[in-house]
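Report on one structure; see the data block that follows.
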Amino acid sequence: MKYLCLFRFQLRKHVCFGLFGLFFVVTAVLSDGLVGGKTAVSAQPPPPTQLDVLMTAAEEYGRVRVIVRLEPTVVFGAQSLDESAALSAAQTAVLDQLAGTDATLIANYNFIPYMALEVNTAALNLLADTPLISAIEEDTPTPPSLGSTIPLIAADQAWQEGYTGAGQTVAILDTGVDNTHPAFTTGGSRIVSEACYSTTSAYYESASLCPNQAAASTDPGSADDCVDETAGYSTAQRSCEHGTHVAGIAAGNDGQMAGVAKDASIISIQVYSLFTSRTWCGYPDCVLSFTSDQISALERVYELREEYDIAAVNMSLGGGRFTEICDGSEYGRKAAIDKLREAGIATIISSGNNGYRDALSSPACISSAISVGATDNQDNVAPFSNRADFLDLFAPGTAIEAPIPGGGTGTKQGTSMAAPHVTGAWAIIKQAHPDASVDQILAVMKQNGEPVSDAYDASPAPRLNVVQVVDADFTSNLSYQLYLPAILKN
């Protein structure tokens, strides 16, 4: 049985190790500071534990999957090389050090100093000792966060003013999108790019859901994991039902039912793998998403930034319980989210469906992400919604009707449904205010949102109101102060 508990380790050379069922991410230490209106603080780790625990686990299962982030001084120390060449050289240096250990390269990242590997105990020892590496964080498999809301958030009023998301693009990182659904084909296909990042591993009993079980694909149809060859439209665990529903909320439009940004384009990226073990699923099979595949997808969005006007990325997924900003344990995804934010692209993430009143799931707990909780149609906080005093926004997330594979619609609830309301709204707002930064839009959203009611606590964040943000005077209000909540310490 795999370890399902979480350990963090402070080891030699200040390398941080994490274990969650033998998934790891190696990353560099990030400095504390204000990011996106929230105070970035390092999570307080449990007491240090022996490296022997990791070695015992690696010995028991033979190999472990890791993501390596290179020490920045190693990557950027060579002044004669440009950033891309320096990164490539540093990645090669790591592989050279691992020669003879049977380590396997999974992926080299192109825009952040990371690389993914599958390693044995010998390679893990080398990673612990090498000065090329600064930290390790678990590569956790993450589950998905499971039409009357358009007037509720006043998106229809923004449409009347001519702002429908036209010219903007949203990226949906999820289980894939049914690219034949009328919500995405009426008037011509609005899915402008597809990709898939997924993992086949005998060690973790997972199978890639990319075409031909490839580890990665950017071909047309790569994110259309909707049809099982023998059973037609497959079960929700294997199909793109979740992703299709999420994409439809953000930007679907079949001429009769429309999502928030009804004229925006969509980048669909499938980031899930099929797990067939009760160890991970608790039942015969499920889909989970490796952090490493999510990072690859975020890099793909960054790569496409010059080709499309990308307003926002939607990640309706998450897990865990974090009572404060989790930058200290989420180096990898944070680095990718920061890179997108620098390019003016927001990463919008569901807060989770555990009903926590003082905590968010990861990666919503990352300071530079936009975290979204769920409300009902009466502006009450949904009882299942995670919230904390560092939550950014609320949006509708109960009884949401949206597209599902096969051409029809279905009703779902969850913070997964709340997040794409904000993602679609972001596209509308970027159409209205193309020069506004992520910080500015978030600040105006918070200052112009609607109050919500919480049966247990004072509401930590407002509910989205699209038209009030569209109508705000960004030109004369560039000094909007960001919402700066206190960080929970318990």
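Things worth noting here:
- Test: residue in segment 436-455 that is part of a strand (DSSP E or B), crowded, with 17+ Cβ neighbours inside 10 Å and assigned by TED's automatic domain parsing to the domain that holds Gly320: no
- Filtered residue count, segment 213-232, keeping only those that are modelled with pLDDT of 90 or more and surrounded by fewer than 21 Cβ atoms within 10 Å (Cβ to Cβ): 9
- Where Asp379 falls short, out of the listed (1) over 27 Å from Asp178 (Cβ atoms); (2) at pLDDT 95 or above: (2)
- Qualifying residue in segment 377-385 (condition: of a type in the set (S, T, N, Q), under 20 Å from Leu442 (Cα atoms) and surrounded by 24 or more Cβ atoms within 10 Å (Cβ to Cβ)): no
- When Ile349 is tested against (1) buried (at least 24 other Cβ atoms within 10 Å of the Cβ); (2) in a helix (DSSP H, G or I), only condition (2) is not met.
- Some residue of segment 266-282 being assigned by TED's automatic domain parsing to the domain that holds Ile428, under 19 Å from Pro420 (Cα atoms) and of a type in the set (Phe, Trp, Tyr): yes
- Of all residues in segment 159-186, those that are at negative phi have Cβ atoms under 8 Å from Cβ atoms of residues that are of a type in the set (Lys, Arg), 6 or more apart or on another chain, in Trp159/Lys262; Thr164/Lys262; Gln168/Lys430; Phe184/Arg190.
- Tally, over segment 310-334, of residues that are under 12 Å from the mean Cα position of the chain (by Cα) and among the aliphatic types (A, V, I, L, M): 4
- The number of residues in segment 317-334 that are among the aliphatic types (A, V, I, L, M) and either assigned to a strand (DSSP E or B) or modelled with pLDDT under 95 (or both) comes to 1.
- So Asn314, is it modelled with pLDDT under 95 and assigned by TED's automatic domain parsing to the domain that holds Cys210: no
- Residue ID - modelled with the highest pLDDT, chosen from residues in segment 456-490 that are aromatic (Phe, Trp, Tyr) and touching a Lys or Arg at 6+ places or on another chain (Cβ under 6 Å): Tyr456
- Candidates Thr244, Thr235: the one that is modelled with pLDDT of 80 or more and either under 26 Å from Gly167 (Cβ atoms) or outside any strand (DSSP E or B) (or both) is Thr244.
- In segment 422-433 there is no residue matching the filter, namely being at pLDDT below 95 and assigned to a loop (DSSP other than H, G, I, E, B).
- Hits in segment 400-421 - residues which are in a loop (DSSP other than H, G, I, E, B) and under 13 Å from Val246 (Cα atoms): Ile404, Pro405, Gln413, Gly414
- Residue check, Ile337 crowded, with 24+ Cβ neighbours inside 10 Å, in a loop (DSSP other than H, G, I, E, B), touching a strand residue (DSSP E or B) at 6+ places or on another chain (Cβ under 9 Å) and at pLDDT 95 or above: no
The values are calculated or read from the model by the stated rules, or taken from the named source; none is laboratory data. Model, not experiment: these values are computed from the prediction. Glycine also receives a Cβ, built like all others from the backbone with ideal geometry; neighbour counts cover every protein chain displayed.
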